[in-house]
Amino acid sequence: MTIPDGAGRPTEVHWGLVEDAASHPPRPAAPCPTVIIHGRADETVPIAISRRYAAEHPSVRLVELDDDHSLLASIDRIEQELIACLRGGASGAL
């Protein structure tokens with residue numbers, strides 16, 4: 001089977017990958033506290049997907065940023081969120 005890779009180039013994958021993917025839930029539960037960082041201007045992955053997932057899973061906190069899919073303008077904020085998550089708290093002044 002041919003599917004696009006991360007850069008959009010057609011890549012051959014074994015059909016077993018598709019069969020394995022079909023055996024898992026489309027949006028598996030996050031068994032631990034999880035932070036999703038998503039750019040509001042993301043044109044690759046619609047932010048509605050992350051909003052829905054966070055709403056369905058109480059252990060998930062969604063951080064929406066004024067950025068695109070690359071999140072390159074948000075590196076400092078991502079670092080703050082990562083540190084806060086690893087410390088077991090919410091974001092804010094560190």
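Annotations
- When A21, A7 are checked against the criterion of being modelled with pLDDT under 90, farther than 30 Å from A84 by Cα, out of contact with any strand residue (DSSP E or B) (no Cβ under 6 Å at 6 or more places or on another chain) and not in a loop (DSSP other than H, G, I, E, B), a single residue qualifies: A21.
- Residues (over 26 Å from P4 (Cβ atoms), modelled with pLDDT of 95 or more, open to solvent by 60 Å² or more (accessible area, probe 1.4 Å) and among the charged types (D, E, K, R)) located in segment 32-81: D66, D76, R77, E79
- Search result, residues across segment 24-56 that are in a loop (DSSP other than H, G, I, E, B), in contact (Cβ under 8 Å) with a residue 12 or more places away in the chain and closer than 28 Å to G88 by Cβ: R27, A29, A30, P31, C32, P33, R40, D42, V45
The values are calculated or read from the model by the stated rules, or taken from the named source; none is laboratory data. Quick caveat: nothing in here was measured; it's all calculated off a predicted structure. Virtual Cβ from ideal backbone geometry, glycine too; neighbours counted across all protein chains shown. Keep in mind that these areas ignore ligands, DNA and RNA; they rest on the heavy atoms of the full protein, side chains included. Shrake-Rupley method; radii C 1.70, N 1.55, O 1.52, S 1.80 Å.
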